[in-house]
Amino acid sequence: MTAQHQTVEALLRQNHEWAAERVRHDAEYFSRLAAIQTPKFLWIGCSDSRVPANQITGTEPGEIFVHRNVANLVVHTDLNVLSVLEFAIGQLKVEHIIVCGHYGCGGVAAAMTRQSYGGVLNKWLRNIKDVYRLHEPALLACAEGEARARLLVELTVREQVLNLAKTATLQRSWRADHRPTLHGWVYGLEDGLIKPLLTMEPGHDLHEIYQYENL
Ligand SMILES: [Zn+2]
């Protein structure tokens, strides 16, 4: 049965089967997981159903703290991502933050058009249009179509990693605890492989206008 034909009842039945299967392999599986949550990684990924953080990294529940939104954006006025960031850094004390985009991202493709999506979606996608404007020469030097869309996916990931580094939350943690390391990745829907784009170690040199002095 393909995912498109699943019913809500089927999801619940499969949940029971999955839970039973876990316990059959490891009787302590849920009691152990329920007792502790100490993930070392925060994942900021796209809401796209084809990019599930745990499956594509071969990790189990409890190993990655996950935040997902349309086109994996880090927006400085988004209370959701900022709350996740504060909790992950301050309470979970994660050592790595991964921003993972993906080729074939519908959000990025939509932002490259001049179509209005109304409501709040235009405002959200405008963040990607800003990335486009910032890197327009490089994008226009790239062949129109698939190649240019792939480049915008990569540039968007790079800008979101930079957006993390611009926050006082992150800079304070870099200064006090020398963590977390930031990573920008892109996932390929066509082959299931992740391509690392950039790594920012704690203390990475930002443009000085973004560096807070009184943390
Ligand atoms: Zn996407």
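Read-outs throughout are calculated quantities, based only on the coordinates presented, and are distinct from any laboratory measurement. Computed from a prediction, not measured in an experiment: that's the story for all the values here. For neighbour counting, all protein chains shown are included, and Cβ atoms are generated from backbone atoms with ideal geometry for every residue, glycine included.
General observations
- Spacing of the two label points (7 Å from each Cα toward its C-beta) at Cys142 and Leu121, in nm: 2.3 nm
- Label-point separation, His76 to Leu215 (7 Å along Cα→Cβ), nm: 1.5 nm
- Over 25 Å between alpha carbons, listed pairs Lys93/Lys129; Lys40/Lys129; Lys93/Lys166: Lys93/Lys129; Lys40/Lys129
- The range 147-162 versus the range 54-78: alpha-carbon centroid distance in Å: 17 Å
- Each residue in Phe87, Phe41 was given a count of other beta-carbon atoms within 10 angstrom of its own, and listing them fewest first yields Phe87, Phe41.
- Among Ala165, Ala53, Ala147: highest mean-square fluctuation, GNM of the chain, C-alpha pairs under 10 Å: Ala147
- Sorting Arg158, Arg114 from the fewest to the most surrounding beta carbons within 10 angstrom yields Arg114, Arg158.
- Hz values of 3J(HN,Hα) by residue in the range 40-54 - Karplus curve (6.51, -1.76, 1.60), Gly and Pro given as x: 9, 10, 9, 10, 10, x, 7, 5, 3, 5, 8, 10, x, 3, 5
- Per-residue ellipticity at 222 nm computed for the chain from its helices equals -13000 deg cm²/dmol, with DSSP H segments shorter than 4 residues left out and the rest contributing -39,500 (n - 2.57).
- Cβ crowding within 10 Å, taken as a proxy for footprinting-reagent exposure, orders Ile89, Ile98, Ile36 from fewest neighbours to most as Ile36, Ile89, Ile98.
- Restricting the range 121-215 to chymotrypsin sites (Phe, Trp or Tyr not before Pro) that sit in a DSSP loop and have at most 13 other Cβ atoms within 10 Å of their own Cβ leaves Tyr212.
- The chain shape via C-alpha gyration tensor axes, a/c threshold 1.5: oblate
- Of the GluC sites (Glu not before Pro) in the range 177-215, the ones in a loop by DSSP (not H, G, I, E or B) with at most 15 other beta carbons within 10 Å are Glu190, Glu213.
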